[in-house]
Amino acid sequence: MSFTLSILDRRILQLALPSVINNITIPLLGLCDLAVVGHIGSGIYLAAMSVATTFFNVTYWLFGFLRMGSSGLTAQAHGAGDLKAIYMSLLRALGVAVCVAVIILLLQYPLWRLALWLISPSAGVEAIATVYFRIVIWGAPPTLALMCLNGWFIGMQDTRTPMYVAIFQNVINVIVSLSLAIGLGMKMQGVALGTLIAQWSGLLAAVCMLRRHVARWGSIHITCKELSQRTELAHFFSLNRDIFLRTVCLVAVNFGFTAFGARQGDTMLAANTLLMTFFTLFSYVMDGFAFAGEALSGHAWGANDQRGLQAVIQRLIQWGMGLAFTATLFYAFGGKLLIGLLSSDPTVVSMADHFLPWACMIPLAGTLAFVLDGICIGLTRTRSMLLASFVASLLFFVVAWLTFSFTLPTQECTNHLLWMAFILYLLIRGVVLKICC
């Protein structure tokens, strides 16, 4: 696999653009809920949405290795032309996904009580968030299985299929959520049902697309003994252990950010929720190029093409910096408009506008971490990812702990320091990854 820059740019875009569209539709599943919730009542609904979605983000991010592990291993098997390894990477991941989903459903009550204890929302916020949780928790099986399938598709150099599935999923979500929440006046319950139906519909669509891949590539007989080979399983779980622990660090930061925001009251929590949407949007755009990095770097590594690998790394970093500058300008000039679209509560909107400059720093601070994460996944260098995330997360909690350990002049000053801790976390994560890679 050899590249010239012009061919490489086209290949990057062929993989990245469908992934960008796919990844934008993923937060749209939450943005649709957020926008509907923002217009069905007071800021308490937004705060409740933040608590509930934080739980699901934490839970599913912890098992993000189901996608990332599938992607890297499949890409390397694809580059080496090993059909059996291609299918075994998917089957192993799906087996783990089923087990995890069953455990989550069995332990849903204690997990939810733990989340509420850690975040400590007000009684009103807790009651509304619980309505959402009790419905959406049944979307755990399709959500985890879809992670495995999306990772497998990316590893197979196919980013279009996840895009088609995500678009279909979001169309279902928009139609059902608006119909139930606003049309039938079901409010939070309607939003939750719309999300649940969309999750199961997405899995069904992905399975249908998987059958097309199998028909094209051909089937192969794989025994349970082959799937459970000690050496291969040890390698699979070793990679996924590092990704899991790395994800624990990332989830801890996002969970901590929400928890520290909740300590400042419902209005500040709601405002921070709106601003974190800026991070979500940018992260999913950048992840599109990171996914291209996973597929291309893994394929190059499997094909033993070192020259092509170096070209992929260099060009993806250049693409990332260009996107970061573009996103910064977009947030600076269009940020207030986006906040207004997401909420009609004047108090929450005013508070979010006050902290908007911090959200504008997210792209430049985080782009290097996003791009290099994709490269490390493709190369299965998961230990570097773990180290970078641990160091950056430790810095975040040190700054946040010091902030809340002292009595500051104003609540706004406290929240400014909280945002500073988050920006430093993004920046340091990328710097450490660059040093390790």
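The condition of being surrounded by 19 or more Cβ atoms within 10 Å (Cβ to Cβ), among the polar types (S, T, N, Q) and within 21 Å of the chain's Cα centre (by Cα) holds for Ser297.
Exactly one residue out of Gly322, Gly340 is surrounded by fewer than 18 Cβ atoms within 10 Å (Cβ to Cβ) and closer than 21 Å to Tyr284 by Cβ: that is Gly322. Are there any pairs, at least 6 apart or on different chains, whose C-beta atoms fall under 7 Å, with the first in the stretch 1-26 and more than 18 Å from Ala206 (Cα to Cα) and hydroxyl-bearing (Ser, Thr, Tyr) and the second at pLDDT 80 or above and not in a helix (DSSP H, G or I), and if so, which? Partner pairs satisfying both residue conditions: Ser2/Asp305. Would a scan of the stretch 382-392 turn up a residue that is buried (at least 24 other Cβ atoms within 10 Å of the Cβ), of a type outside the set (Gly, Ala, Ser) and within 18 Å of Arg246 (Cβ to Cβ)? Yes, the conditions are met somewhere in the stretch 382-392.
Any residue that is modelled with pLDDT under 75 and outside any helix (DSSP H, G or I) - is there at least one of those in the stretch 8-27? Checking the stretch 8-27: not a single residue is modelled with pLDDT under 75 and outside any helix (DSSP H, G or I).
Checking each residue of the stretch 239-253 against the condition of being over 20 Å from the mean Cα position of the chain (by Cα) and either in a helix (DSSP H, G or I) or surrounded by 17 or more Cβ atoms within 10 Å (Cβ to Cβ) (or both) gives no match.
In summary, Gly302 fulfils each of the numbered conditions (1) surrounded by fewer than 21 Cβ atoms within 10 Å (Cβ to Cβ); (2) small (Gly, Ala, Ser); (3) touching a His at 6+ places or on another chain (Cβ under 8 Å) with the single exception of condition (1). For the stretch 395-410, the candidate set comprises residues that are in a helix (DSSP H, G or I) and surrounded by fewer than 14 Cβ atoms within 10 Å (Cβ to Cβ); within that set, the residue that is modelled with the lowest pLDDT is Ser405. Restricting attention to the stretch 58-102, the residues that are under 20 Å from the mean Cα position of the chain (by Cα) and not in a helix (DSSP H, G or I) total 2.
Working only within the stretch 103-124, note down all residues that are in contact (Cβ under 8 Å) with a residue 24 or more places away in the chain and either under 24 Å from the mean Cα position of the chain (by Cα) or not in a helix (DSSP H, G or I) (or both).
Scanning the stretch 103-124 gives Ile104, Leu105, Gln108, Leu111, Trp112, Ala115, Leu116, Leu118, Ile119, Ser120, Pro121, Ser122.
Quick check on Ala215: is it surrounded by 13 or more Cβ atoms within 10 Å (Cβ to Cβ) and either touching a residue at least 40 places away in the same chain (Cβ under 8 Å) or not charged (D, E, K, R) (or both)? So Ala215 fails the test. On the basis of being at pLDDT 75 or above, among the charged types (D, E, K, R) and either touching a helix residue (DSSP H, G or I) at 6+ places or on another chain (Cβ under 7 Å) or closer than 19 Å to Gly298 by Cβ (or both), does Arg67 make the cut? The answer is yes for Arg67.
With respect to the conditions (1) farther than 25 Å from Ser343 by Cα; (2) touching a residue at least 12 places away in the same chain (Cβ under 8 Å); (3) surrounded by fewer than 20 Cβ atoms within 10 Å (Cβ to Cβ), Arg263 falls short on a single one, namely (1).
The values are calculated or read from the model by the stated rules, or taken from the named source; none is laboratory data. What you are looking at is a predicted structure, and each value in this text was computed from that prediction instead of being measured. Because the Cβ atoms are built from the backbone with ideal geometry, glycine has one as well, and the counts that use them run over all protein chains shown.
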